[in-house]
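> Sharing a structure below in structure tokens format, with a few things to ask.
The values are calculated or read from the model by the stated rules, or taken from the named source; none is laboratory data. Bear in mind the structure is a predicted one, so any value in this text is a computation, not a measurement. Cβ atoms come from the backbone with ideal geometry, glycine included; neighbour counts cover every protein chain shown.
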Amino acid sequence: MEQNLIQLVDISKTFNNEVVLHNINLNVKKNEFVTILGPSGCGKTTTLRIIGGFETATTGKLLFHGEDIGSKPPHLRNVNTVFQSYALFPHMNVERNIGYSLRLQKAKK
């Protein structure tokens, strides 16, 4: 069985006493493509910001290759986010926007 690359274990997030994420569990395996869909305000961006290190979960664990990275700053996490807005690189197509950070890291194809 293939090991999970990213695991969210009972992740919750509260802003000003309002629960915006409640016990989220998610397992992402290597080479798996995951899409998070939902209405505005359901916690999609908050979840991605927690994975990226731009928000801290109120409770729960965030594991990357089995290591708890919940307290690591963004620059020490080996994860990236591609925003849905064209404001980032409007001159690039989807493939080039997604591949941008991989090219900077000189990742193998």
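> Mind listing whichever residues of the stretch 16-30 are surrounded by 15 or more Cβ atoms within 10 Å (Cβ to Cβ) and over 20 Å from GLY41 (Cβ atoms)?
Selection gives VAL28 alone.
> Among the listed residues VAL34, VAL28, identify the single one that is closer than 24 Å to ALA107 by Cβ, in contact with a Leu (Cβ under 6 Å, 6 or more places away or on another chain), of a type in the set (Val, Ile, Thr) and not assigned by TED's automatic domain parsing to the domain that holds LYS108.
It is VAL28.
> Do we find a residue being aromatic (Phe, Trp, Tyr) and at pLDDT 85 or above anywhere in the stretch 70-88?
No; the residues of the stretch 70-88 include none that is aromatic (Phe, Trp, Tyr) and at pLDDT 85 or above.
> Residues in the stretch 48-65: is at least one touching a helix residue (DSSP H, G or I) at 6+ places or on another chain (Cβ under 7 Å), in a loop (DSSP other than H, G, I, E, B) and under 25 Å from LYS108 (Cβ atoms)?
yes
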